[in-house]
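No value in this document is a laboratory result; all are computed from the given coordinates. Note that the structure is a prediction, hence the values are computed from the model and not measured. Backbone-built Cβ (ideal geometry, glycine too); neighbour counts: all protein chains shown.
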Protein chains: 2
Amino acid sequence: MNERSEQAPDPTTPTVAAAAAAAAEPGRGTRLDPWLANYADRTHGMKASEIRALFAVANRPEVVSLAGGMPFLAGLPLDNIAELTQKLLTERGAVALQYGSGQGEEALREQILDVMALEGIRAHSDDVVVTTGSQQALDLVTRIFVDPGDVVLAEAPSYVGALGVFRAYQADVVHVEMDDAGLVPEALEQALSRLGAEGRRVKLLYTVPNFHNPAGVTLALERRPRIVEIARRHGVLVLEDNPYGLLGFDGDPLPALHSYDPEAVVYLGSFSKTFAPGYRVGWALAPHAVRERLVLASESAILCPSMMSQLSISTYLSTCDWRGQIKSFREVYRERRDAMLGSLAEHLPAATWTVPAGGFYTWVTLPAGLDAQAMLPRAVTGLVAYVPGTAFYADGQGQDHMRLSFCYPTPERIHEGVRRLATVVNDEHDLVRMFGTGAATQVVRGTQAPSPNQA
Amino acid sequence: MNERSEQAPDPTTPTVAAAAAAAAEPGRGTRLDPWLANYADRTHGMKASEIRALFAVANRPEVVSLAGGMPFLAGLPLDNIAELTQKLLTERGAVALQYGSGQGEEALREQILDVMALEGIRAHSDDVVVTTGSQQALDLVTRIFVDPGDVVLAEAPSYVGALGVFRAYQADVVHVEMDDAGLVPEALEQALSRLGAEGRRVKLLYTVPNFHNPAGVTLALERRPRIVEIARRHGVLVLEDNPYGLLGFDGDPLPALHSYDPEAVVYLGSFSKTFAPGYRVGWALAPHAVRERLVLASESAILCPSMMSQLSISTYLSTCDWRGQIKSFREVYRERRDAMLGSLAEHLPAATWTVPAGGFYTWVTLPAGLDAQAMLPRAVTGLVAYVPGTAFYADGQGQDHMRLSFCYPTPERIHEGVRRLATVVNDEHDLVRMFGTGAATQVVRGTQAPSPNQA
């Protein structure tokens, strides 16, 4: 999709600048809506991301995007997959193109057990539900547990897509402190005690234990059983979201939270990062009674997951070296992580960042006084994109942070992107030092039509 | 999947009888649920269909299933589709296997306009949202419009999958009378006036205008503009669900409700019946502001629809004779409809039924005193399955009805299935005539272990 982004910046640059300025203006293009009075209350929490319009610009090939979480697929054996798929359709087409069961194909659920065994999970295929990406599993778990006003605990920061789901179900997200070793057990204990004393109903602890999105950190081994025990003791189900767990750069995967107490945890997995997101296949592993409700909720939402997608992945798992493919992805992403960290050290010494041991992201803390969200239009004009930290909090925190992803661009593009980013950050930093906090923000917000030479 | 159902009944018959009896017993296999106190209120409306366990039995090859809505796929050019798919993956694999946009692929949305043009719809591709089957579109529309306690109007009877969605969002479904010409405009007007006078908030009119599931009837041409006008005048959005519209047996499709007032209608379409359900691709066409919210809701629910599925269908539409394929499906289903109606006339003269001019289903009214739900275990023991009418009402009506589908079994199997069904119905009818209403039901409910010779 963004293959062309390897090209050098081209003469469309002034257009990017103008488009970025226009995208940064809110409220444009709204039409009259005759159904405005009829929407459900829950839609008030659904709003387009403020940075959405900007990303349409950021996807242009001349922009280095350090924003997206698209996996690098060029390494897949596409010819082999094409041939397997042809065979599948020729030999079992009438099954692959038919409706399937709401829970998902038994054969695939058995194979999912093999994948999860790599993280110490022992389970039965009857407790697995196949979903339309693990995003749908997030939606379904929230649907069956969360009433409006219920509390969901999440790390600070947390995955933007999960925060969107919690908002759509009118949950109240309370963030819990995390550090370089992940979620802090003492902070969790305190939050639960405080909320309990306030009489709040806490339904879920949502956590990404491995190679956190966006924070890039991993929950330490010794903290894992403690987190599970604390949540269970307070009657709160753990929602363990683990799309990146097999993409560690050093050593074996850590045991899943699920492995410590299968009755206390709903585990979410995905083929999007270890194989390919285009099939939209993820899964939930849940305590049996929860699993039964997840299937009912999924049947109501989509009838059944795609048989074609499920059988394609099942065929891939049974005939290709999927473990070898994951190893090769790890090498690619490790090299890109190293390029990212090296470039940051070289060009952005005024900032700090986390050192991810796997996954797709690093979390950057800007020098005091800088506002990553306000700076984004200028960055896009400077032909580099990132996600501002505010996207990853439910409560407006995160202005001095940004998420940088190293999964998709080549190491050369990463170097170039960080170099461009450093120019923007350092310019802003100079303004702040000269005029004080907020000056840079105001200057950028006043920039309606950047001149071409800013690029 | 059920290819083997062409086989004659085999010696496993006694097992079917025992399994049917066991499946008819409620409450078996329940385990203790440590999270029982934590579920959301909306889960109280989510329950497994009472007939679900029975259908596991009904799917055995020796049972003629007149229950399911699986399309007949053996007529598809599978080798051709296999080759196209191989080419797609070889040439555009890195796009097909990547994330896509939440709204769906522009190229496919353009092609969807061509499909809808056959029913008189003129629209812009920007107002189309691609969904994971049209079931997901049903879920999303309900999600953005329905608060708990809001009213949704639906035909009596109505599609079981839609009723499940409305229940999951805690809507109050109010049925509106339909006759052989579809939804009755006067009944709609009365219902809306009455509900308005009661101060109820009516959010949606859900309707399946063509070849209704389960009723088999079609909304008359002259009623179409009236239905749209009445709903709009009362401030109620029309939700037009049209999976079967192109599968008419006589003449051209009727104009969609959407064609009369695009601002008053959300139209749902699907490739599941005109091509194949295994991709899970459907769509919604909505007024622009509604469409914007549908995309946000869909991104929250699944991030994006499957690119692999979308590009597979897009390729099929652009390179295969999809109009010719639909014609060939029509011929197949017309022949099966004729087999169904002929068999009913021959074997079940005591019942009445609708005469569908397209689609998959006929709606049977049993002789007075018979209870289709209570009779189902005996029917399955007699190696034939159907869906009892109660599944299609939100309020417990429909006991004297059953839905028979003619889409999947061959004409020979349909004849055999109706013959078996007639044996069961006529036996029950004899009991009712001898012992009065309710007698048959009690006899069946007391049958815990049918003897093999009942089959």
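A few remarks follow.
- Spatially, segment A:120-165 and segment A:176-191 are offset by 20 Å when compared through their Cα centroids.
- In segment A:381-435, Cα pairs under 8 Å separated by at least six residues give a relative contact order of 33 percent.
- Per-residue ³J(HN,Hα) for segment A:357-369, Karplus 6.51 cos²θ - 1.76 cosθ + 1.60, θ = phi - 60°, Hz, x for Gly and Pro: 8, x, x, 10, 9, 10, 10, 9, 9, 7, x, 3, x
- Percentage relative contact order, segment B:339-422, counting C-alpha pairs under 8 Å, at least six apart: 37
- For the residues of A:277-289, the average number of beta carbons from a partner chain within 10 Å of their own beta carbon is 5.
- Put simply, the amide H of residue A:237, placed in the peptide plane, has neighbours under 5 Å in A:205, leaving out anything fewer than 5 places away on its chain.
- Ranked A:338, A:150, criterion: other C-beta atoms within 10 Å, fewest first: A:338, A:150
- Beta bridges from DSSP with both residues in the protein assembly as shown: antiparallel share about 50 percent, rounded to the nearest 5.
- P(r) tail fraction, segment B:114-202 - alpha-carbon pairs more than 22 Å apart, %: 42
- In chain A, the longest principal axis of the Cα atoms and the axis of helix A:106-117 are about 60 degrees apart.
- Angle of helix B:78-96 to the longest C-alpha principal axis of chain B, folded into 0 to 90 degrees and rounded to 10: 40°.
- In chain B, helices alone account for a calculated mean residue ellipticity at 222 nm of -13500 deg cm²/dmol, with every DSSP H run of four or more residues adding -39,500 (n - 2.57).
- For residue A:327, a cut-off of 28 angstrom between C-alpha atoms picks up these lysines, skipping any fewer than 8 places away in its own chain: A:87, A:273, B:87.
- Average beta-carbon neighbours from other chains, 10 Å sphere, peptide B:139-147: 5
- Taking the Cα centre of segment A:118-214 as origin and assigning +1 to Lys and Arg Cβ atoms and -1 to Asp and Glu Cβ atoms, the resulting dipole is close to 320 debye.
- Label 7 Å beyond Cα on the Cβ vector: residue A:170 copy-to-copy distances, nm: 0.7
- For residue B:353, the residues whose modelled amide H falls within less than 5 Å of its own, excluding neighbours fewer than 5 places apart on the same chain, are B:365.
- For B:261-268, mean number of other protein chain Cβ atoms within 10 Å: 1
- Paramagnetic label zone (point 7 Å from Cα along Cα-to-C-beta, residue A:250; backbone N under 18 Å) in segment A:161-204: A:179-183
- Computed magnitude of the charge dipole of chain B (debye, nearest 20; Cβ of K, R +1, Cβ of D, E -1): 700
- Projected label points at residue B:36 and residue A:32, each 7 Å from Cα along the beta carbon direction, are separated by 5.5 nanometres.
- With each label modelled as a point 7 angstrom along the Cα→C-beta vector, the residue A:355-residue A:426 pair spans 2.4 nm.
- When residue A:328 is represented by a point 7 angstrom out along its Cα-to-C-beta vector, the spacings to that point in the other copies are 3.8 nm, nearest first.
- Selected from B:86, B:391, B:221, residue furthest toward positive end of dipole (chain B; charges at beta carbon): B:391
- Here the dipole of the protein assembly as shown is about 440 debye; that uses its Cα centre as origin and unit charges on the Cβ of Lys and Arg (positive) and Asp and Glu (negative).
- Selected from A:286, A:369, A:341, residue furthest toward positive end of dipole (the protein assembly as shown; charges at beta carbon): A:369
- Charge dipole (the protein assembly as shown, unit charges on Cβ, about Cα centre) - positive-most of B:432, B:318, B:242: B:432
- Under the Debye formula (equal points on every Cα, no solvent term), log10 I(q)/I(0) of chain B at q = 0.07, 0.10, 0.11, 0.13 Å⁻¹: -0.37, -0.77, -0.94, -1.28
- Angle between chain B longest axis and helix B:13-24 axis [Cα atoms, degrees, rounded to 10]: 70
- DSSP beta bridges in chain A [antiparallel fraction, %, rounded to 5]: 50
- Between identical copies, the spacing of residue B:41 label points, each set 7 Å from Cα toward the C-beta atom, reads 0.8 nm from nearest to farthest.
- Length-normalised contact order for chain A - Cα pairs under 8 Å, 6+ apart - percent: 22
- Label-reachable residues, segment B:185-214, where backbone N falls under 11 Å from a point 7 Å from residue B:226's Cα toward its Cβ: B:185-189
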